[in-house]
Amino acid sequence: MDFNWTREHDAFRARLRDVLKRHLPDDWAEQSRYDTSSEYTSKFSRKFCPILAQEGLLIPHWPKELGGEGLDGFHHWILGEEMVAAGEPRSYQYMSVNWVGPTMMRYGTKAQQEEFIPKIKSGNFIWCQGFSEPDAGSDLAALRTRAERRGDRYLINGSKIWTSGASFADHCLMLARTGGERREGITVFLVPMKHPGVEVRVIPNYIGERTVHEVFFTEVEVPAEWRFGDESNGWEIVTYILHQERVGIPRYAFSMRVLDHAVELLKKRGAFSDSAVRARAGHARAACEATRYLALDVINDRVKGRPPSAKTSIVRYSQVRSDRLVADFLADYLADELVSGQDRMIASGYKRTGSVGIASGAAEVQLDLIARNHLDLPRRR
Amino acid sequence: MDFDLSSDQSVLAEAIDNLVGRHHTLPSVIAAHYLPGDGLDSDLAQAGFFDIARSEGMSALEAVLLVERVARAPVAVEIGASALVVPLALPDHEISRPVALADARAGSPVRFLPGASSLLVDAGSEIRIADVSRLNIEPISSTFAYPFGTLTSAILDASEPLGDVSVELLRQWRRVALATEICGAGKSALDLTVQYVKDRRQFGRPIGEFQSVQHRLAECTMLLASARMMALRAALTGNSLDAAEAASLAQEAGTRIHHETHQFHGAMGITMEYPLHLWTYRLKALQGEMGGLVAQTGAVAALRWDDGEQP
């Protein structure tokens, strides 16, 4: 057991910080508002990710034969920490790096890999994830969007909701029902967002500019080659994706930066001598650190090639709790900054925590998974 | 970065499990607030485990593995001070065990004071030591699952400054030991409860089927995992901030585990016959040690955002 970073890991982190320093504009905070989903950030990502690609920092953990650097999973995690702490200048291209790419390598056909992996590697290609539906949120297996086979094509009808980045994404990895009930009969498709019959509506929300959308699929005709994986094998792919996704964004990296910033503000106004304030800040800090190390333990399992376990859900729930401790601290002691919204970091740090218990499966689903798969408690009848 | 135990550490953990496991058997009638751990204590001494942190090739991590496992046992053994705090905070001192640890507060109950050979006192700006083997210790009849004795002014007066040692270092390793002991007792209390809710049937089904029960036990699991991870980290880094974070999370986890495990046991849990109290009342005793959660999180704040803790 050893919790020290290797010299190679430290050097990698230093390189990332250097690249961020050189390429984030001076007015980054004002322009991006630390909003992963803003139009500005998404456009910025199309300039910034090619730079990362050029520096070998976009997909460092992918195998060399696919254009990566063949570095271990801890490099992937360090990359995530540094980008998230900076306000995620990759916008939703982090999804390509975290789970679209790895899923593509595992389940994609050769033709799909040849088409999409270079696009992801270019740093100018944004995916969105078409999973949730109006009647299928936490209960994803209830999804109703249908894909009917018509010879060598499929006809897709239905709608998706809460889709992040859909209004500027290039492609959607989406789920549709090709038959069967519940988990049986779900199939994955890769559909261009500009394809006829695909329509997008931005849903105004409290988290970010383009965080959630509705996506409508009306008589969308797609060739069978756009099917991803075998017909009706979608649930296996979904499970794989969710395991990558749930421990995918090191959200705590931004929360910890926000907390440091909040303490600095409180100190300046002489409000950090109050023992209640100090205790709350210390508690939030400790919880964030725990989330970080629980996450690194899951990365350790990934690096060693172990199958995903209920630890993923423990990390996810820990993330929910630590983010809430930070958010409550901000709301209790920096209410002026929060209400006026002028301090971009405080504003964003608070907003982001609004989705932590919802995205990638509700917090209650994580608790169900811990109870069932970690504590081996009986399933409800 | 490697979260796996080395093969030597795994072998060691298994050996400790085997040794401690022999003392997990409960008496047919539990008629006391705690079970004395004399048998386990002498087995540990014979195997040389109290010196684990000073043994060649071993350090704080091995001591944490030991303390956690001993704290899982139903019997109460003085382990944290002897195996972790003394060797790490006072490596150049030979201090005879059992060792009681206390803050300089006359009248306060101190764990393991009856039967202790040495007493170490955090007196703010210095550490004081007393040979308590010959002093008259007034045991307290406490429900809190440890042998407690009262720290009197006479005992404090009999103590002497222990020169050339760091108060900060003592506090740091006390926090690691505290966190680790909570993790051990918390794990046993939680394990017992998880099994209980699988077995106990009401409304025609095991109560562990109810989501309200499942979610709360899952939350306890997360809190315990957090505390344990930070205790391991504090052992490996030897960093005072990490130690304060570990103690914070552990005191929080212990409090929650105490409440939930008793809640799910219903009236059974409040009886002395049922063993739950052997661990949960230890958790309660540890909840307020070193000033409790607010003191630990305050220490996190001081170590993270100020220049460290004030005496």
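Values for this structure:
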{"read-out": "Stokes-Einstein diffusion coefficient of region A:7-125, Kirkwood radius over Cα pairs, 25 °C, 0.890 mPa s, in µm²/s", "value": "170 µm²/s"}
{"read-out": "For q = 0.09 Å⁻¹, Debye-computed log10 I/I(0) when each Cα of the protein assembly as shown counts as one equal scatterer", "value": "-0.84"}
{"read-out": "Which of A:Tyr350, A:Tyr333, A:Ile314, positive extreme of dipole for region A:247-374 (C-beta unit charges)", "value": "A:Ile314"}
{"read-out": "Equivalent-ellipsoid semi-axes of region A:129-233, from the Cα gyration tensor, Å, largest first", "value": "22, 16, 10"}
{"read-out": "Estimated dipole of region A:172-271 in Debye, rounded to 20 [Cβ of Lys and Arg +1, of Asp and Glu -1, Cα centre]", "value": "860 debye"}
{"read-out": "Share of Cα-Cα pairs in chain A lying beyond 38 Å, as whole percent", "value": "17 percent"}
{"read-out": "Karplus (6.51, -1.76, 1.60) ³J(HN,Hα), θ = phi - 60°, over region A:198-208, in Hz, Gly and Pro reported as x", "value": "9, 10, 10, 10, 6, 9, x, 7, 9, 9, x"}
{"read-out": "Column: log10 I(q)/I(0), Debye, Cα scatterers of region A:168-282, q = 0.10, 0.15 Å⁻¹", "value": "-0.54, -0.83"}
{"read-out": "Qualifying chymotrypsin sites (Phe, Trp or Tyr not before Pro) in region A:115-221, DSSP loop, other Cβ atoms within 10 Å at most 14", "value": "A:Tyr206"}
{"read-out": "Within the protein assembly as shown: Cβ-based charge dipole about Cα centre, in debye rounded to nearest 20 (Lys, Arg +1; Asp, Glu -1)", "value": "1920 debye"}
{"read-out": "Amide H contacts under 5 Å for B:Ala76, placed H, 5+ residues apart", "value": "B:Leu35, B:Gly37"}
{"read-out": "Inter-site label distance for A:Asp274 and A:Ser138 at 7 Å from Cα along Cβ, in nm", "value": "3.4 nm"}
{"read-out": "Environment charge of A:Pro196, counting only residues whose C-beta is closer than 12 Å and scoring Lys/Arg +1, Asp/Glu -1", "value": "-2"}
{"read-out": "GluC sites (Glu not before Pro) restricted to region B:186-286 and DSSP loop, no more than 15 other C-beta within 10 Å", "value": "B:Glu273"}
{"read-out": "Integer Hz, Karplus 6.51/-1.76/1.60 couplings in order for region A:313-325, x for Gly and Pro", "value": "6, 5, 4, 4, 5, 4, 5, 4, 5, 5, 5, 5, 4"}
{"read-out": "GNM flexibility winner over chain B from B:Ser166, B:Ser248, B:Ser212 (Cα, springs under 10 Å)", "value": "B:Ser212"}
{"read-out": "Zero-based 5 Å bins, Cα pair distances in region B:37-135, whole percents", "value": "2, 13, 23, 25, 19, 12, 4, 1, 0"}
{"read-out": "Sparse-neighbourhood loop sites, trypsin sites (Lys or Arg not before Pro) in region B:53-144 - DSSP loop, at most 15 other Cβ within 10 angstrom", "value": "B:Arg105, B:Arg134"}
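Bear in mind these aren't lab numbers, they're just calculated from the coordinates by the rules spelled out. The structure presented is a predicted model; accordingly, all values stated were derived computationally and were not measured. In this analysis, Cβ positions are derived from the backbone assuming ideal geometry, glycine residues included, and neighbour counts consider all displayed protein chains.
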